Amino acid sequence: QVRLEESGGGLVQAGDSLRLSCAASGLTLRFYAMAWFRQAPGKEREFVATISGSGGSTYYADSVNGRFIISRDNAKGVYLQMNRLKPEDTAIYYCAANQRVPSTSGSSYDYWGQGTQVTVSS
């Protein structure tokens, strides 16, 4: 049974940093592209970042490019380093896995975690 579990969320101030983790079990992680998505209250889920199975390819949403870094350790999980956080980054953050190629579309992902809340105060 595949399971993705996010952790590391919390309440921070604007300008602070936070590192999210996604622990994966029940799958061979190196065979999966991974991504982070987020959903703010009253808004649709949106793409944040994705990384290929090898870690050699990454892609970011314009809104986080230059501030967030996605990385992976195929023995452990996937991470999202979030720097210079803004109030508009407040959302529930989800990690997702797909056994194909990195994608910005949520519908491309087969497995999802339960999410971790990130709140950025101004």
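Report the FRET efficiency, 1/(1 + (r/R0)^6), for L27 and I69, where r is their Cβ-Cβ distance and R0 is 25 Å, rounded to 0.05. Using R0 = 25 Å, I get an efficiency of 0.60.
Local charge sum around V120 (other residues, Cβ-Cβ under 11 Å, Lys/Arg +1, Asp/Glu -1)? It works out to a net charge of -1. Within the accessible surface of the chain, defined with a 1.4 Å probe on protein heavy atoms only, the carbon and sulfur portion equals 44 percent.
So if R0 is 35 Å, what FRET efficiency would Y59 and S122 give, r being the distance between their Cβ atoms, rounded to the nearest 0.05? After rounding to 0.05, the efficiency reads 0.75.
For region 13-117, the Kirkwood hydrodynamic radius from C-alpha pairs, put into Stokes-Einstein at 20 °C and a viscosity of 1.002 mPa s, yields a diffusion coefficient of 157 µm² per second. A 1.4 Å probe run over the protein chains yields, for the chain, 52 Å² of accessible area per residue, whole-number rounding.
Each Cα pair of region 68-118 feeds into the Kirkwood radius, which the Stokes-Einstein equation turns, at 37 °C and 0.692 mPa s, into a diffusion coefficient of 263 µm²/s. From the Cα gyration tensor of region 26-69, with a ≥ b ≥ c the square roots of its eigenvalues, which class applies: rounded if a/c is under 1.5, or else prolate if a/b is larger than b/c, or else oblate? Note, shape of region 26-69 comes out oblate. The residues packed around L85, meaning those with a beta-carbon under 14 Å from its beta-carbon, carry a net charge of +2 if Lys and Arg are +1 and Asp and Glu are -1.
The values are calculated or read from the model by the stated rules, or taken from the named source; none is laboratory data. Note that the structure is predicted; figures quoted are calculated from it, not measured. As a convention, Cβ positions derive from the backbone with ideal geometry for all residues, glycine included, and neighbour counts pool all protein chains shown. Please note that ligands, DNA and RNA were not included when accessible areas were found on the heavy atoms of the full protein model with its side chains. Shrake-Rupley method; radii C 1.70, N 1.55, O 1.52, S 1.80 Å.
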